[in-house]
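The values are calculated or read from the model by the stated rules, or taken from the named source; none is laboratory data. This one's a predicted model, so the numbers in the text were calculated from it and none came from an experiment. We place every Cβ from the backbone using ideal geometry, glycine too, and count neighbours over all the protein chains shown.
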Ligand SMILES: Cc1cc2nc3c(=O)[nH]c(=O)nc-3n(C[C@H](O)[C@H](O)[C@H](O)COP(=O)(O)O)c2cc1C
C-alpha cells in the first residue's frame, strides 16, 4: 500500500468485526497510515468482549471512540482523509442514508457525507434478507448519488440467506484496495 494518509475506520456490529484489527488496522498502520477507529455502541460491546478494543488502541495510539464528546471537550481523533465503514450493518447503512446520527459512529459519517470533502467507503455486511427489505435499494441509490463508494455486488460479496454462510470471511483485499483507491495518489 502507498499514499499514507489518515483513515477514519467506522465499525458496526456485524460479522467480520473480530478481524478488523488484523485485516484493516494493522495493515494500514504498517503502511504508514494514521488510523482512528470509531464504533457503534453495540460493536463496542462486541469488541470489548473479545479484548479487541485494547489491541486496536495499542496499534493505532488513539482511543476507540463510541461515545460523543462533551461540549467543550476536543476530539481525541486526528483529522481524517478517508472514512471507511466496515463492517456496515443493514441498520447502520439505513441510518447513514437517512442522516440519522444517534451515536458517535453515525455522527462522524453523516457529517462527512454532508461536508463532501473526503471520500467515504462503505462495505455493507448484509445478507439476502436485508437486501429484500423494501427500503434497502433506495438507501444504496441515495448513498451512491451522494458519492459514497459502496463495496457491494455479486463480484465481491454474493448475498446469502440468513444463517446459511456463517463465518464467511469478508473480502478484505477488495476493502483495502477500495480504501486505497478512494484516497488516490498524492
Ligand atoms: C451474532 C450476530 C451477528 C450479526 N451479524 C450481522 C450482520 O452480519 N449484518 C447485519 O446487518 N446485522 C447483523 N447483526 C444484527 C446487528 O448486530 C443489529 O442489527 C444491531 O442492532 C446493529 O447495530 P449497529 O448498526 O448500531 O452496530 C448480527 C447480530 C448478531 C447477534
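The C-beta contact set for region 97-123 (first residue within 23 Å of residue 70 (Cβ to Cβ), second residue more than 13 Å from the ligand (Cβ to nearest atom) and part of a loop (DSSP other than H, G, I, E, B), distance under 7 angstrom, 6+ apart or interchain) comprises 104/67; 104/68; 107/68; 110/99; 112/118.
When 99, 116 are checked against the criterion of being out of contact with any strand residue (DSSP E or B) (no Cβ under 7 Å at 6 or more places or on another chain), modelled with pLDDT of 95 or more, more than 14 Å from residue 182 (Cβ to Cβ) and away from the ligand (no atom under 13 Å from the Cβ), a single residue qualifies: 99.
Among the residues making up region 66-101, those that are farther than 21 Å from residue 27 by Cβ and not in a loop (DSSP other than H, G, I, E, B) are 90, 91, 92, 93, 94, 95, 96, 97, 98. When restricted to residues that are within 14 Å of residue 84 (Cβ to Cβ) and more than 15 Å from the ligand (Cβ to nearest atom), region 32-53 contains 4. Residue pairs whose Cβ atoms lie under 8 Å apart, sitting 6 or more positions apart in sequence or on different chains, and linking a residue in region 9-36 that is more than 17 Å from residue 174 (Cβ to Cβ) and free of Cβ contacts under 8 Å to residues at least 40 places away in the same chain to a partner that is more than 10 Å from the ligand (Cβ to nearest atom) and part of a loop (DSSP other than H, G, I, E, B), are 32/4; 33/1; 33/4; 33/5; 35/62.
Residue under question is residue 152, and the condition is that it be assigned to a strand (DSSP E or B), within 14 Å of the chain's Cα centre (by Cα) and either within 20 Å of residue 12 (Cα to Cα) or away from the ligand (no atom under 15 Å from the Cβ) (or both); does it hold? It is false that residue 152 is assigned to a strand (DSSP E or B), within 14 Å of the chain's Cα centre (by Cα) and either within 20 Å of residue 12 (Cα to Cα) or away from the ligand (no atom under 15 Å from the Cβ) (or both).
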